[in-house]
Amino acid sequence: GAGVQINLLVNMVLATGQGSGAVSWLGYAFRIMYLPIGLFGISIASATLPVVSRHAARKEFDDIRDVVSRALRLMLVTNLPAMFGLIALAEPIVSLIFERGSFTAEDSSATAAALLFYAPGLIGYSVVRIAVPCFYALGNSLVPAYISLASVILNVSLNLFLVELMGYRGLALGTSVTALANAVTLLAFLQYRLNGLDLRRVLLVFTKISAASTVMAISAWSANEFFSSYWPGLALAVEILRLSISIVLGITVLIAVSRLLRIEEVAQMWQQLRTRIRRSD
């Protein structure tokens, strides 16, 4: 939304005082962080909106609660692993995508550092994608508008402070904290508007998928470290192979741990994915 664009503009203005590469490092890192939202967040939000609108027209608030709760849980089982994965494999991902020509190894390290601090904001942006359209469906566009304005003020204040403390990395951290604060505030208002959101169930899934994602991230990072020492070098084919094996191993571990922890939403996501693949075939 407009708030996100204003916050990014503020970041870029403040980043100009942090050396010649800071604007590029933050820009590239934000693009990578936002990719899972394009892959998962938007599709979950798009599927949720028409159902919420239908129930809102009939004043079926119990059904809206169920739909929003399910959307939040599905978002967590896709984007929390993505967040942990980006943190674990930040440097090899950045290196593979951007390290060409004038984009050096130092640029990769600096962009990966920005990505580490941007990554937690992924959850905040994903929640906002689900929550804001729900307010519109309920005929209340003022609440998200006011919260968005407050988030811009928070972002500017935080980033003016953090840029002095941490340089350009502070701008990424400030943006993430703002996105998470925005999400929590929207959920609090939405819970009040709907007399509940089944948040206990959402928090249970959050706890379980966080645990599974942590094990996944450690596995993927360890695999990448092992293969980097076993197959050193920056040849493109070697980079792709190392990163692909690390990601596949991480996803395999995630699915195994999710089954052990009985996270139903992971099985639901895989079922939906298989159905989509069959339809496309």
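The values are calculated or read from the model by the stated rules, or taken from the named source; none is laboratory data. Treat the numbers as computed from the prediction; the structure is a model and nothing was measured. Here the Cβ is made from the backbone with ideal geometry for all residues, glycine too, and neighbour counts use every protein chain on show. Each accessible area value is taken on the protein alone, full model and side chains, heavy atoms only, with ligands, DNA and RNA left out. Shrake-Rupley method; radii C 1.70, N 1.55, O 1.52, S 1.80 Å.
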Quiz item: With respect to Gly19, is the statement that it is out of contact with any His (no Cβ under 9 Å at 6 or more places or on another chain), assigned to a helix (DSSP H, G or I) and modelled with pLDDT under 90 true?
Solution: no
Self-check item: Failed condition for Val177, given (1) within 23 Å of Val77 (Cβ to Cβ); (2) within 20 Å of the chain's Cα centre (by Cα); (3) of a type in the set (A, V, I, L, M, F, W, C)
Solution: (1)
Quiz item: Pick from the stretch 192-204 the residues that are assigned to a helix (DSSP H, G or I) and farther than 20 Å from Val266 by Cα: which of them is most open to solvent (accessible area, probe 1.4 Å)?
Solution: Tyr192
Quiz prompt | Residue in the stretch 102-124 that is surrounded by the most Cβ atoms within 10 Å (Cβ to Cβ), counting only those that are among the small types (Gly, Ala, Ser) and closer than 30 Å to Leu72 by Cα | solution = Ala114
Quiz item: Somewhere in the stretch 238-248, is a residue in contact (Cβ under 8 Å) with a residue 12 or more places away in the chain, assigned to a loop (DSSP other than H, G, I, E, B) and surrounded by fewer than 16 Cβ atoms within 10 Å (Cβ to Cβ)?
Solution: no
Practice problem: Give the residue, chosen from Phe189, Phe161, that is open to solvent by 70 Å² or more (accessible area, probe 1.4 Å), closer than 16 Å to Gly124 by Cα and without any contact (Cβ under 8 Å) to a residue 60 or more places away in the chain. | Solution: Phe189
Quiz prompt | Breaking point among (1) free of Cβ contacts under 8 Å to residues at least 60 places away in the same chain; (2) of a type in the set (Val, Ile, Thr); (3) farther than 30 Å from Leu243 by Cα, for Val23 | solution = (3)
Exercise. Could you identify the single residue in Ala113, Ala150, Ala90, Ala145 that is at pLDDT 90 or above, closer than 26 Å to Ile44 by Cβ, within 20 Å of the chain's Cα centre (by Cα) and aliphatic (A, V, I, L, M)?
Key: Ala90
Quiz item: Is it fair to say Leu14 is open to solvent by less than 60 Å² (accessible area, probe 1.4 Å) and within 25 Å of Leu116 (Cβ to Cβ)?
Solution: yes
Quiz item: Does Ala217 meet the test of being modelled with pLDDT of 95 or more, in contact with a helix residue (DSSP H, G or I) (Cβ under 7 Å, 6 or more places away or on another chain) and not aromatic (Phe, Trp, Tyr)?
Solution: yes
Quiz item: Of the residues that sit in the stretch 17-29 and are farther than 20 Å from Arg100 by Cα and not polar (S, T, N, Q), which one is least open to solvent (accessible area, probe 1.4 Å)?
Solution: Gly19
Quiz item: If Leu180 satisfies every condition in (1) in contact with a Lys or Arg (Cβ under 8 Å, 6 or more places away or on another chain); (2) crowded, with 17+ Cβ neighbours inside 10 Å; (3) not small (Gly, Ala, Ser) but one, which is the exception?
Solution: (1)
Quiz item: Could you give every pair whose Cβ atoms fall below 6 Å, whose first residue belongs to the stretch 70-98 and is free of Cβ contacts under 8 Å to residues at least 24 places away in the same chain, and whose second residue is surrounded by fewer than 24 Cβ atoms within 10 Å (Cβ to Cβ) and part of a helix (DSSP H, G or I), counting only separations of at least 6 or pairs across chains?
Solution: Glu91/Ala112
Quiz item: What is the residue count in the stretch 224-235 for residues that are in contact (Cβ under 8 Å) with a residue 24 or more places away in the chain and either open to solvent by 90 Å² or more (accessible area, probe 1.4 Å) or part of a loop (DSSP other than H, G, I, E, B) (or both)?
Solution: 1
Quiz prompt | Options Ile32, Ile64, Ile44: the member that is within 21 Å of Gly174 (Cα to Cα), of a type in the set (A, V, I, L, M) and surrounded by 17 or more Cβ atoms within 10 Å (Cβ to Cβ) | solution = Ile32
Quiz item: Across the stretch 205-221, what is the number of residues that are open to solvent by 50 Å² or more (accessible area, probe 1.4 Å) and more than 19 Å from the chain's Cα centre (by Cα)?
Solution: 0
